Amino acid sequence: MVLVASRIVDMQAKVENLNINGKKTGLKINLRKTVVMKWNVNPGIKIQLERSVRLGKAQPVFCNLKNIWRNSQLSINTKLRIFRSSVLAVLLYGCKTVLILLTSA
């Protein structure tokens with residue numbers, strides 16, 4: 001799941017809302033598995049444009065892995081390691097993680 005916000009305060013509100021609604025259905029946010037990314041976006045560029053640019057750069061890298069996905073001699077773990085080191089590296093370049101705290105509801 002991906003939550004997008006332009007301000008940390010807005011992200012905090014979205015996470016809190018997700019936590020409250022999740023508890024109603026018996027779900028909870030696993031803080032050990034949760035990663036929050038903050039993009040260093042130029043203030044003059046809208047977040048949608050930044051996302052499109054990043055996806056545009058990562059897409060050709062992903063497409064170049066076609067032979068990797070089809071190769072039956074490589075394990076899934078090896079394919080995922082190649083994916084993470086190539087596609088995710090391009091997609092997440094310039095991002096940094098930010099801690100979002102959950103308050104008890």
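Inter-label distance, SER86 to ARG7: 4.2 nm, where each label sits 7 Å from its Cα along the C-beta direction. Fully extending the segment from THR25 to ILE68 would add 11.5 nm, taking 0.36 nm per residue of separation and subtracting the current Cα-Cα distance.
List the pairs from LYS23/LYS57; LYS28/LYS66; LYS33/LYS79; LYS33/LYS66; LYS14/LYS57 whose alpha-carbon separation is above 32 Å, in the order I gave them.
Pairs exceeding 32 Å: LYS23/LYS57; LYS28/LYS66.
All of the numbers you see were taken from the coordinates with simple rules; none came from a lab. Remember, it's a predicted structure, so these values are computed and weren't measured experimentally. Using ideal geometry, Cβ is built from the backbone for each residue, glycine included, and neighbour counts are taken over all protein chains shown.
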